[in-house]
Amino acid sequence: MMIERFRWWHIAEVLPLEEDLFGPEKWSATMFWNELAQRNFYVVAVEDDRVLGYAGLAVVDDEESWVQNIAVRRDAQQRGLGRALLETLLERAGKRKVLLEVAVDNQPAQRLYARYDFEPVGIRRGYYQPSNTDALVMMRDA
């Protein structure tokens with residue numbers, strides 16, 4: 001497995017992954033294009049020319065960055081890919097504090113983030129649409 005920069009040609013391959021993992025709350029191709037156009041830092045985990053997962057980070061300024069997303073194919077989960085993707089984003093964030101939103105009912109992701117010193121700092125009510133699921137805001141100090 002290799003982690004490499006997410007390029008425009010990866011968008012078509014991550015869209016089915018988005019559909020499977022996030023259903024009606026999936027990101028569209030346009031959303032990914034916008035992330036790349038804004039020069040946000042995105043990576044993919046690739047094995048045998050197949051995207052197994054991806055992750056993105058938006059660097060706001062010298063002090064703050066936000067994890068935009070981390071996703072791993074269901075058939076590739078429990079292999080450490082989520083950790084590897086998160087570590088790549090944290091390396092890129094450097095000395096900045098890192099924030100993220102995670103669904104309040106996504107306990108596996110929350111446990112992963114807690115292992116990397118993320119702590120809950122707030123709730124965004126009804127953040128995920130159309131399910132109206134709340135998001136837990138977590139932060140990791142630099």
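The values are calculated or read from the model by the stated rules, or taken from the named source; none is laboratory data. Small disclaimer: the values here were computed from a predicted structure and weren't measured. For neighbour counting, all protein chains shown are included, and Cβ atoms are generated from backbone atoms with ideal geometry for every residue, glycine included.
Numbers below:
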| read-out | value |
| --- | --- |
| Count of residues meeting criterion [among the hydrophobic types (A, V, I, L, M, F, W, C), over 20 Å from Q78 (Cβ atoms) and in contact (Cβ under 8 Å) with a residue 40 or more places away in the chain] in region 20-56 | 2 |
| Residue match in region 84-95 (condition: farther than 21 Å from K26 by Cα and in contact with a helix residue (DSSP H, G or I) (Cβ under 7 Å, 6 or more places away or on another chain)) | no |
| Region 1-19 residues that are within 13 Å of D49 (Cα to Cα), paired with ones that are among the polar types (S, T, N, Q) and in a helix (DSSP H, G or I) (beta carbon under 7 Å, 6 or more apart) | I3/T88 |
| Hey, R111 in a helix (DSSP H, G or I) and not aliphatic (A, V, I, L, M) or not | yes |
| Residue within region 121-136 that is without any contact (Cβ under 8 Å) to a residue 24 or more places away in the chain, acidic (D, E) and part of a strand (DSSP E or B) present | no |
| Considering residues of region 70-91 that are surrounded by fewer than 18 Cβ atoms within 10 Å (Cβ to Cβ) and of a type in the set (D, E, K, R) only, the residue farthest from F118 (Cα to Cα) | D75 |
| Residue match in region 108-121 (condition: surrounded by 12 or more Cβ atoms within 10 Å (Cβ to Cβ) and closer than 14 Å to F22 by Cα) | yes |
| Every pair of residues 6+ apart whose Cβ atoms lie under 8 Å, when the first sits in region 60-89 and is closer than 15 Å to M2 by Cα and polar (S, T, N, Q) while the second is surrounded by 13 or more Cβ atoms within 10 Å (Cβ to Cβ) and modelled with pLDDT of 95 or more | T88/I3; T88/V43; T88/A55 |
| Looking only at region 92-105, and only at residues there that are in a strand (DSSP E or B) and of a type in the set (D, E, K, R), the one that is surrounded by the most Cβ atoms within 10 Å (Cβ to Cβ) | E101 |
